[in-house]
Amino acid sequence: MKIDLYTTDGSKKGSITLPKEIFEADIAIGLMHDALLRQQGNGRVSTASAKTRSEVAGGGRKPWKQKGTGRARQGSIRSAQWRGGGIIFGPTPNRNFGKEMPKKMRRKALLGALSAKAKAKGISALEGFSAKEPKTKDFSQLLQKIGCTGKTLVVTAGRDTILEKSANNIQEVKTIFAQYLNIADILSADRILFLEDAIEKTKEIFGSKK
């Protein structure tokens, strides 16, 4: 599969062939969905918390004697049936939303997402980025020339401080190293822009079946 290759001034230079093992893999929708749920679950933090009867203050004395009052027997005003009492089966701060998924399945889901994006013509390549200093406006104009409108994921082979600073203040643009490609960022992006050397880096990291 071939995609357009652009120069640093936004002009089309030609085309580049994508590695078949990365961008023409099987697209398993169910597996991609499971991988996305796993990533979202592993990144989720339990913040909701309700106190149980052992955590609510007070209630150390029995409200009234056991027999002879005509009322139902009660042991503590912090029981769940009392106003201000503890909560039964409420949310706890130590709840774990994490999910497990075999490495081979995660890899297959990732390659499927990249292949689906390539099939939908949502991937472009940039020859390089040679700016001498960070310029948000110039980088934004470059993306518009290339056709990367909407939510864009820019993939680099390694650290590029100038590119990262140029993209940081553009609301719908995110930069990421090839080694950190993940299912959530790929699926949420409208366009993916690979720097040319990042394609080789992606093949190097994810091309192996080990």
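At-a-glance table
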{"quantity": "Residue in segment 17-40 that is of a type in the set (Gly, Ala, Ser) and at pLDDT below 90 present", "calculated": "no"}
{"quantity": "Qualifying position, being within 30 Å of residue 137 (Cβ to Cβ) and touching a residue at least 24 places away in the same chain (Cβ under 8 Å), among 115, 11", "calculated": "11"}
{"quantity": "The listed residue being within 30 Å of residue 205 (Cβ to Cβ) and surrounded by 17 or more Cβ atoms within 10 Å (Cβ to Cβ), out of 117, 103, 20", "calculated": "117"}
{"quantity": "Candidates 27, 22, filtered to the one that is closer than 17 Å to residue 114 by Cα, in a loop (DSSP other than H, G, I, E, B), within 42 Å of the chain's Cα centre (by Cα) and of a type outside the set (Ser, Thr, Tyr)", "calculated": "27"}
{"quantity": "Single match in 166, 140 (criterion: closer than 19 Å to residue 198 by Cα, in contact (Cβ under 8 Å) with a residue 24 or more places away in the chain and of a type in the set (Gly, Ala, Ser))", "calculated": "166"}
{"quantity": "Residue within segment 109-127 that is more than 26 Å from the chain's Cα centre (by Cα) and under 19 Å from residue 191 (Cβ atoms) present", "calculated": "yes"}
{"quantity": "Hey, residue 115 in contact with a helix residue (DSSP H, G or I) (Cβ under 6 Å, 6 or more places away or on another chain) and either at negative phi or not charged (D, E, K, R) (or both) or not", "calculated": "yes"}
{"quantity": "Any hit, segment 146-160, residues being outside any loop (DSSP other than H, G, I, E, B), acidic (Asp, Glu) and assigned by TED's automatic domain parsing to the domain that holds residue 200", "calculated": "no"}
{"quantity": "Residues that are assigned to a helix (DSSP H, G or I) and surrounded by fewer than 17 Cβ atoms within 10 Å (Cβ to Cβ), drawn from segment 165-186", "calculated": "165, 168, 179, 180, 184"}
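Residue-by-condition table, conditions (1) exposed (fewer than 12 other Cβ atoms within 10 Å of the Cβ); (2) farther than 30 Å from residue 118 by Cβ; (3) of a type in the set (Phe, Trp, Tyr):
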| position | (1), (2), (3) |
| --- | --- |
| 43 | yes, no, no |
| 51 | no, yes, no |
| 71 | yes, yes, no |
| 74 | no, yes, no |
| 77 | no, yes, no |
| 86 | no, yes, no |
| 89 | yes, yes, yes |
| 93 | yes, yes, no |
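The values are calculated or read from the model by the stated rules, or taken from the named source; none is laboratory data. Predicted model only: the values in this text are computed from it and were never measured. Virtual Cβ from ideal backbone geometry, glycine too; neighbours counted across all protein chains shown.
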